[in-house]
């Protein structure tokens, strides 16, 4: 071997190595955390000095029993509302936590955080599990009621407001030597829980140390749990909750078939956003139905010769969609909601015929393409003895 | 262009080559990705130093070599959770395997210093001055390590039949 053929041989050896994509997000996130920890360590001495001065000043300026804030009027504090550089506040009511700007929101899979994230107002969770639990930092913000996973181990005060702390505990994450640590803080006055998780016990404590009581800010509460539990009654409950917190809800209705009117669909700004008292929150809710057609949702599906399925959504059907099939392909319609059992389809054309699968779940609104041509399917339900048209789909059958 | 963007661009360009360099230095492929990830993260934490270094590649390789060496001393036992299993292609690569095996065996006959010198010079394409900076040794030391390494490889029977192969 000479130095002339070495580069080529090494190249050939190197090319045999399958290299995955660079985990840039992981590296940037890790580097950011490392820099932040270094910065925190550098300023820690200075911060302690400032705190000492504030405490002494406070003792000189006040007499008698220190004021304890109530649930609705948290006391002002020299430290409240201050957000460290590179962080944002996320909270519910006056209880908030500062999280790094580069953290995501609700970055979960199967209910498990998959990158550094704050988790708030989660609705339906995918019914699945991850083989490996990703080693990320996260904080869950949960409001209301009793969290059965919480047990108070000690009491503390945050900006003068009483709080409860469940100690940080760690458990192994698989066989790789990594661990997942978590700890929780409950702020009873706001009835908000903060559950922090990290691979490091110290990092959990650092995350929870960033909880603040913000007297002049109000975090938008979540609506998902209210909607799931209250369905059509969610609008009233959620609007009342926003008003009780001092926010100004504006309700915007939207027609959604087969969902109870009053079901809350969206809040803007999103839950967790810190707003000034009196700020507007636009709440989108399901509108009262205009008629029987709004009380049912419809869908269509077709299967071609290769076994591929092609969907038509409720919106597409009502807008008059066109779909192309081959001879022999099948297409069927289905419905959910009020009067869905009266669903029927009327054909105009000869290229489709009612499917002969009489025991099928969609019979008799299931058809087979029998010859080239164009046929329309008009879907209806029956209300008070009269047909109500939901939509018309054009089916073009080719060879 | 911000620090993170500049870093991302650099990593996008260099990642495969750096990982393969780590494999040639003696890492397993999985270990190589971890070593390079650790090294690049260290670089990003002190990205201003990388920028000031003037020779970015030389600086990054220096951190890579240090990370690799320290990893050898403190045997790697960690693992990184992954959402998807690293599937491998399974094409028939008999000839390539033979070549790789021969080169691999030859590299194993070198001392750590010699192997590092060969990889930096002939795979990472660093000049002798850059290598001196990366390894923290005099340019003359680089020359002598390369010279001795090449002599070992030239006498290696595993590689003799590969000479001149396309």
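The values are calculated or read from the model by the stated rules, or taken from the named source; none is laboratory data. Note that the structure is a prediction, hence the values are computed from the model and not measured. Cβ sites come from the backbone with ideal geometry, for glycine too, and all protein chains shown count toward neighbours.
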* **Conditions (1) surrounded by fewer than 18 Cβ atoms within 10 Å (Cβ to Cβ); (2) modelled with pLDDT of 90 or more; (3) over 27 Å from residue A:229 (Cβ atoms): number failed by residue A:287** => (3)
* Taking the stated definitions as given, is residue B:100 surrounded by fewer than 22 Cβ atoms within 10 Å (Cβ to Cβ), at pLDDT below 80 and in contact with a helix residue (DSSP H, G or I) (Cβ under 6 Å, 6 or more places away or on another chain)? -> yes
* To do: Out of the residues in the range A:201-219 that are surrounded by 24 or more Cβ atoms within 10 Å (Cβ to Cβ) and touching a helix residue (DSSP H, G or I) at 6+ places or on another chain (Cβ under 9 Å), state the one that is nearest to residue A:118 (Cα to Cα).
  => A:219
* Asked: Regarding residue B:69, is this residue surrounded by 12 or more Cβ atoms within 10 Å (Cβ to Cβ), modelled with pLDDT under 80 and out of contact with any strand residue (DSSP E or B) (no Cβ under 6 Å at 6 or more places or on another chain)?
  -> yes
* **Enumeration of residues in the range A:194-209 that are assigned to a helix (DSSP H, G or I) and touching a residue at least 12 places away in the same chain (Cβ under 8 Å)** => A:201, A:203, A:204, A:205, A:206, A:207, A:208
* Structure fact -> Note on the range A:240-258: residues touching a helix residue (DSSP H, G or I) at 6+ places or on another chain (Cβ under 6 Å) and closer than 13 Å to residue A:269 by Cβ are A:249
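Among A:337, A:326, A:385, which is the only one that is surrounded by fewer than 13 Cβ atoms within 10 Å (Cβ to Cβ) and either under 23 Å from residue A:259 (Cα atoms) or modelled with pLDDT under 95 (or both)?
Numbers: A:337 fails: surrounded by fewer than 13 Cβ atoms within 10 Å (Cβ to Cβ); A:326 fails: surrounded by fewer than 13 Cβ atoms within 10 Å (Cβ to Cβ).
Of A:337, A:326, A:385, the one residue that is surrounded by fewer than 13 Cβ atoms within 10 Å (Cβ to Cβ) and either under 23 Å from residue A:259 (Cα atoms) or modelled with pLDDT under 95 (or both) is A:385.
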* Asked: Using beta carbons and a limit of 6 Å, which pairs, at least six apart or on different chains, have the first residue in the range A:135-149 and at pLDDT below 80 and the second one surrounded by fewer than 21 Cβ atoms within 10 Å (Cβ to Cβ)?
  -> A:144/A:191
* For residue A:183, state whether it is buried (at least 21 other Cβ atoms within 10 Å of the Cβ), in a strand (DSSP E or B) and touching a strand residue (DSSP E or B) at 6+ places or on another chain (Cβ under 8 Å). => yes
* To do: Return the residue satisfying two criteria in turn: it lies in the range A:150-195 and is closer than 19 Å to residue A:119 by Cβ and within 14 Å of chain B (Cβ to nearest Cβ), and of such residues it is modelled with the highest pLDDT.
  => A:180
